[in-house]
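The values are calculated or read from the model by the stated rules, or taken from the named source; none is laboratory data. Note that the coordinates shown come from a computational prediction; the quantities given were computed from them, not determined experimentally. In this analysis, Cβ positions are derived from the backbone assuming ideal geometry, glycine residues included, and neighbour counts consider all displayed protein chains. What goes into the accessible areas is simple: the full protein's heavy atoms, side chains included, and nothing from ligands, DNA or RNA. Shrake-Rupley method; radii C 1.70, N 1.55, O 1.52, S 1.80 Å.
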Amino acid sequence: MTRKELIEQIHIKKSFLCVGLDTDITKIPTFLLDFEDPVFEFNKRIIDATKQYCIAYKPNIAFYESMGSKGWDSLKKTVDYIPKNIFTIADAKRGDIGNTSKMYAKTFFETYNFDAVTIAPYMGEDSVTPFLNSVKNKWCIILALTSNKGSADFQYIKQDGKMLYQKVIEKSMQWGNDENIMFVTGATHAKELKAIREQVPTVFFLVPGVGVQGGSVKDVVENALIKEDIGLIINSSRSIIYADNTENFAIVAGKEAKKLQEQMSVYF
């Protein structure tokens, strides 16, 4: 999906919501365990209930690969089921030497046909550029300032007047552009979002941390929205997909997604 196509979908739906499919088989409603593929059945119902309110889905790969080959099968069926006009993100946080990254790119961009993959840039340019050079119109979403508590351990280290996350952003923009690079910027760092937006005024941000982690749509928008292009994909996972644990779980998930979409719609 190109930048133009992504922006079109955002305006059509008046939404920049991403639903995180962090599907844990121990947390899904127990009645689904009677199905041949409980994880896919859960995802299928979540997608059916939320697809009119979101512009992206983000399966967290750890929840699938932890189940072995069955999990990878569930992932493939899930990605194939997602409507083609919805942006797909493999939340894999890969990042390795060039030859290995090339294979990871093949995995997520060709075998599973995701639009984007999250990447840990710690190993530098040759861990990122294989993704950028592999398939046209695919995206690298690079970890910059994450929403977790441990982000303070390394990401705020200061050198030559700049935080490490600022250096990551600066260096990464030498490898790509706003047509193929996004940055993960946590909703729990609202103040920093404003400075990051000033640093990269046209780049899309994938923003986790809204909902259970305490971030808000309002704070993110006030600090990072790009006029017209929006420039934001705000992710919510647990507060949507695990909002209910009964046979009505999908209906409740749809209602939670709609609430967030309605909060976003006022900015169009």
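How much of the accessible area of the chain, probe 1.4 Å, is carbon plus sulfur, in whole percent?
That fraction is 50 percent.
Give a quick list of GluC sites (Glu not before Pro) in the stretch 170-268 that DSSP marks as loop, anything other than H, G, I, E or B, with at most 15 other Cβ atoms within 10 Å.
Qualifying residues, ordered by number: E179, E228, E247.
Which residues among the stretch 89-110 fall inside the zone where the amide N is under 18 Å from a point 7 Å beyond the Cα of A120, along Cα→Cβ?
What the label zone holds, given the 18 Å backbone N cut-off, is 90-105, 108.
Output the relative contact order of the stretch 110-268, whole-number percent, from Cα pairs under 8 angstrom with separation of 6+ residues.
Here the relative contact order equals 16 percent.
Just to verify a number: FRET efficiency for K84 and T30, C-beta to C-beta distance, R0 = 35 Å, to 0.05?
Here the calculated transfer efficiency is 0.60.
For the chain, what is the accessible area per residue in Å², given a 1.4 Å probe and the full set of protein chains?
46 Å²
With +1 on each Lys and Arg Cβ and -1 on each Asp and Glu Cβ, and nothing else charged, work out how big the dipole of the chain is about its Cα centre, in Debye to the nearest 20.
My answer is approximately 400 debye.
Would you tally the net charge around L225, using a Cβ to Cβ cut-off of less than 12 Å, leaving L225 out, and scoring K and R as +1, D and E as -1?
My count for the surroundings of L225 gives 0.
Please give the charge dipole size of the stretch 6-54, origin at the Cα centre, charges +1 on K and R Cβ atoms and -1 on D and E Cβ atoms. Round to the nearest 20 debye.
The dipole of the stretch 6-54 has a size of about 360 debye.
For the chain, taking Cα atoms only, what is the radius of gyration to one decimal and the Dmax to the nearest whole Å?
Cα only, the chain: 17.7, 58 Å (Rg, Dmax).
Mind checking the stretch 64-153 for trypsin sites (Lys or Arg not before Pro) that DSSP puts in a loop (not H, G, I, E or B) and that have at most 16 other Cβ atoms within 10 Å?
Those satisfying the criteria are K84, K136, K149.
Taking the stretch 135-193, how many lysine pairs are there with alpha carbons less than 18 Å apart, if each pair must be eight or more places apart or span two chains?
Step by step, the pairs that qualify in the stretch 135-193 add up to 8.
If I take every Cα pair under 8 Å that is 6 or more residues apart in the stretch 21-161, average their sequence separation and divide by the length, what percent do I get for the relative contact order?
So the answer I get is 18 percent.
If I take every Cα pair under 8 Å that is 6 or more residues apart in the chain, average their sequence separation and divide by the length, what percent do I get for the relative contact order?
22 percent
Could you work out how much longer the chain between F268 and T246 gets when fully extended? Use 0.36 nm per residue separation minus the Cα distance between them, nm to one decimal.
4.5 nm
Length gain on complete extension for the stretch H11 to I97, per 0.36 nm per residue less the alpha carbon to alpha carbon distance?
27.2 nm
Kirkwood hydrodynamic radius (Cα pairs, Å) of the stretch 59-205?
This gives a value of 16.0 Å.
Please identify every one of the chymotrypsin sites (Phe, Trp or Tyr not before Pro) in the stretch 40-142 that sits in a loop by DSSP and has no more than 15 other beta carbons within 10 Å of its own beta carbon.
For chymotrypsin sites (Phe, Trp or Tyr not before Pro) across the stretch 40-142 that sit outside H, G, I, E and B with at most 15 neighbouring Cβ atoms in 10 Å, the list reads Y122.
Taking the Cα centre of the stretch 21-82 as origin and charging only Cβ (+1 Lys, Arg; -1 Asp, Glu), how large is the dipole, in debye to the nearest 20?
200 debye
Hey, which aspartates and glutamates would be in cross-link range of K84, C-alpha to C-alpha under 17 Å, not counting anything within fewer than 8 residues on its own chain?
Straight-distance partners of K84: E5, E8, D48, E110, D115.
Just going by the charge dipole of the chain, with Lys and Arg at +1 and Asp and Glu at -1 on Cβ, which of T50, I241, F204 is farthest out on the positive end?
Toward the positive end, the furthest listed residue is F204.
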